[in-house]
Amino acid sequence: MRAIQMVRPEAGAAVVVNDLEIPTPGPGEVRVRIANTAICGTDRHIFHWDPSIRHMITPPVIIGHEFCGYVHACGDGVVGWSQGTYVSAEMHIVCNKCRACQAGNHHICENTQIAGLHRNGCFAEFVVVPASNLVRLDPAIVPPHIGSFLDALGNAVHTVQAASSIAGRHVLLSGYGAIGALAAAVVQFEGAKSLTITEVQPGHLERARKWVAGLDSRVPVFVHNPAEEPNLVAQVREQTSGGVDAVLEMSGSPAAIHAGMQMLYPGGEMMQLGIPSASDLMLQDFSREFIFKGLTWRGILGRRMFATWDEMLGLLQRGLNVEHIVTHRLPLSSFHAGMALLDAGQAHKVVLDPTC
Ligand SMILES: [Zn+2]
Ligand SMILES: [Zn+2]
């Protein structure tokens, strides 16, 4: 089968299109024939051999962790799944034994293995996953090009739902990449009082302005480039009666985290999904903003298994529109072209099709 494999631990040229054996499902596992798969920001970190992610990857490994497809073969002991069933899967594979798992917090399992990083992923014609990780999809509600990135939509929904509430509150979203764009759509759908988006990348900014205006929503949305607006903190505070109630931090930029804390109204909360790109957060943030405003800062990882999956499928069924974020659909073998589009800021979500 065709697969996108990282063959050596180094940047760029170490990720190749390879012809590999079709994997055989072991006990409790299922082989899925992939319909569509999508490139995630994490795949860009892997492709560029980013120091933040190296410890999780041991090449050779098939990369990719966002997909949907059809059950193709079941290993010993698998019950309840039959060939042809339309599915996606949670690619965080958890131990079910640690204290986090036992408490029902599988998404923060201390022994998490991620398919596409620690073990073979889904940039291929077939992938093998534990049957317990499968999620059944309704093709009438989730077409394959949308089903390909439920992992990312789950991140967005999990981040939004980590706030104590969104409806009727002022929300700031910093970082309008793929997950940011999905989170913005969820915030508009859930009926925030206002949504302020900050982004510095020109392509992302342009798409943010176009897409938020195109969604059927009564939520007022303001899109800003903080690099060009030195008084943005004061402006946002004024726009939001003294400050925002919730920050969805998707950029990992220390400047954005700092500004987010400054823009928060006392008692507000920051949901931190972006992984900081540097370790220079200023301690003054923690006294002036964090402590004296009584803020909450919550780390966001993955999606709840499987409550977030249920909730996101419910949102799609109720009409949440995320169609716009798919800017490119390419054959799997054009992976490198898709990566180049993302690197150039010309794409938001690139969906790959291994069947053509
Ligand atoms: Zn992802
Ligand atoms: Zn565990």
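Read the figures in this text as sums done on the coordinates, not as results from a lab. Computed from a predicted structure; not experimentally measured. Don't worry about glycine lacking a Cβ; one is built from the backbone with ideal geometry, like all the others, and counts go over all protein chains shown.
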With each label point set 7 Å from Cα along the Cα-Cβ vector, what nm distance links ASN105 and SER287? 3.0 nm
Remind me, relative contact order of segment 156-299 in percent, using alpha carbon pairs under 8 angstrom and six or more residues apart? 24 percent
Extreme residue, positive dipole direction of the chain, given options MET312, GLY69, ILE57 (C-beta unit charges): MET312
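Counting Lys and Arg as +1 and Asp and Glu as -1, each charge on the Cβ, what is the dipole of segment 156-299 about the Cα centre in debye, to the nearest 20?
Numbers: 10 positive and 13 negative charges, 56 e Å.
Dipole about the Cα centre, nearest 20: 260 debye.
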Filtering chymotrypsin sites (Phe, Trp or Tyr not before Pro) in segment 204-296 by DSSP loop and by at most 13 other Cβ atoms within 10 Å leaves PHE292
Rounded, prolate or oblate: pick one for segment 1-102, where a ≥ b ≥ c are the square roots of the eigenvalues of its C-alpha gyration tensor, a/c under 1.5 means rounded, and failing that, prolate if a/b is larger than b/c, else oblate. oblate
Pairs of Cα atoms under 8 Å, at least six residues apart: use those to get the relative contact order of the chain, whole percent. 18 percent
Taking only the alpha-carbon atoms of the chain, the convex hull volume per residue, in cubic angstrom, is 135 Å³
Mean projected area, convex hull of alpha-carbon positions in segment 156-299, reported to one decimal in nm², is 7.6 nm²
Under 17 Å Cα-Cα from LYS210, which lysines qualify once same-chain neighbours fewer than 8 residues away are excluded? LYS349
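State whether segment 59-119 is rounded, prolate or oblate according to the following rule on the C-alpha gyration tensor (a ≥ b ≥ c being the square roots of its eigenvalues): a/c under 1.5 gives rounded; otherwise a/b larger than b/c gives prolate, and the remaining case gives oblate. Spell out each step's value before the answer.
On the way: a/c = 2.15, a/b = 1.34, b/c = 1.61.
Oblate shape, in that a/c is at least 1.5 and b/c is the bigger or equal ratio.
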About its Cα centre, the chain carries a charge dipole, from +1 on Lys and Arg Cβ atoms and -1 on Asp and Glu Cβ atoms, whose size in debye to the nearest 20 is 340 debye
Can you list the GluC sites (Glu not before Pro) in segment 61-111 that are in a DSSP coil and have 13 or fewer other beta carbons within 10 angstrom? GLU110
